[in-house]
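K.L.:
Mind looking over this structure? Questions follow.
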Amino acid sequence: MISLTFLVLALCGTEDDTVPLPPEDFSARLLVVDESGEAVAGARVELTDVTVHTDGSGNATLPPLQGPDVALVSAQGYLTEPVPLGWQSASDPVRITLFSETDRVALHFGGDVMMGRRYREPTSGDPLLPDDDIEGGAMRVVSRLARPFAVADFRSLNLETVISERNRGEAYPGKRFLLISHPQTTAALEKLQVDMVGLANNHARDWLDAGVDDTLEALKAADIPCLGAGLTRPQA
């Protein structure tokens, strides 16, 4: 059994092209059941700042939330289920199915990950990764994702960037889009508790072989296993 989690937040325009403001806070009701549809009593529902449990009928009412959050729903003998909650969750009970952990594992995958460009040089406002606190900024960027991402048995992502401090003049000549992230941004991967990163993508050689080597060294220093790129075929 493979458990995949996608967290999506979207704003949709109305007929008059205005977006109604969400309420200042909202509450949500959850119904937790097993694979047969039977209620799971005493299931733990852990939010960022509070934890509640389901009653004998598998129901739980959450305290008012100030904004989107992710509930980690767990019970003995079941895989933990991450459940994104937003203002739309306040209308009807959110039904959550817990799967038995017997002969199953949960895998979490992250898509294209990088922390360069606008993270360091935004078009407006302050950078999310300021020069004097790149490591702290990187961890703050993933802080809300780290909790749900970490509950899987195995976690991996596609690292779509070179990890290096090389300058633009050393990059792949003539390439329009170049992605490079500071070595200190590996702190974000550690906070996410990533088990393995993949490097087989179209940005692995943005800084040529030197960039590949820098990336491998940065990941080795952070003790993060990787595959998919190298200076030789066996290394990749």
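K.L.:
Restricting to region 104-114, name every residue that is more than 14 Å from Leu192 (Cα to Cα) and among the aliphatic types (A, V, I, L, M).
P.N.:
Val105, Ala106
K.L.:
Looking at (1) within 18 Å of the chain's Cα centre (by Cα); (2) touching a residue at least 40 places away in the same chain (Cβ under 8 Å), which one does Ile134 not meet, given that it meets all the others?
P.N.:
(1)
K.L.:
Something else about it: For region 63-100: of the residues being open to solvent by 40 Å² or more (accessible area, probe 1.4 Å) and touching a Phe, Trp or Tyr at 6+ places or on another chain (Cβ under 6 Å), which is nearest to Leu31 (Cα to Cα)?
P.N.:
Ala90
K.L.:
Looking at region 152-188 only, could you name the residues that are open to solvent by 50 Å² or more (accessible area, probe 1.4 Å) and either in a helix (DSSP H, G or I) or of a type outside the set (D, E, K, R) (or both)?
P.N.:
Phe154, Asn167, Arg168, Gly169, Glu170, Tyr172, Pro173, Gly174, Phe177, Gln184 - these are the residues of region 152-188 that are open to solvent by 50 Å² or more (accessible area, probe 1.4 Å) and either in a helix (DSSP H, G or I) or of a type outside the set (D, E, K, R) (or both).
K.L.:
Test Arg117 against the criterion of being open to solvent by 30 Å² or more (accessible area, probe 1.4 Å), touching a Leu at 6+ places or on another chain (Cβ under 8 Å), of a type in the set (D, E, K, R) and over 29 Å from Ala28 (Cβ atoms), and give yes or no.
P.N.:
yes
K.L.:
Just for region 197-229: of the residues that are hydrophobic (A, V, I, L, M, F, W, C) and surrounded by fewer than 15 Cβ atoms within 10 Å (Cβ to Cβ), which one is farthest from the chain's Cα centre (by Cα)?
P.N.:
Across region 197-229, the extreme among qualifying residues is Leu208.
K.L.:
Looking only at residues in region 120-141 that are open to solvent by 10 Å² or more (accessible area, probe 1.4 Å) and either part of a strand (DSSP E or B) or touching a Leu at 6+ places or on another chain (Cβ under 6 Å) (or both), which one is farthest from Ser181 (Cα to Cα)?
P.N.:
Val141
K.L.:
Hey, does region 21-31 have a residue that's surrounded by fewer than 16 Cβ atoms within 10 Å (Cβ to Cβ), at negative phi, at pLDDT 90 or above and under 24 Å from the mean Cα position of the chain (by Cα)?
P.N.:
Scanning region 21-31, I find no residue that is surrounded by fewer than 16 Cβ atoms within 10 Å (Cβ to Cβ), at negative phi, at pLDDT 90 or above and under 24 Å from the mean Cα position of the chain (by Cα), so the answer is no.
The values are calculated or read from the model by the stated rules, or taken from the named source; none is laboratory data. Values in this document were obtained by computation on a predicted structure and should not be read as measured data. Cβ coordinates were reconstructed from backbone atoms using ideal geometry, including for glycine residues, and neighbour counts include every protein chain displayed. Heavy atoms of the whole protein, side chains included, go into the accessibility calculation; ligands, DNA and RNA do not. Shrake-Rupley method; radii C 1.70, N 1.55, O 1.52, S 1.80 Å.
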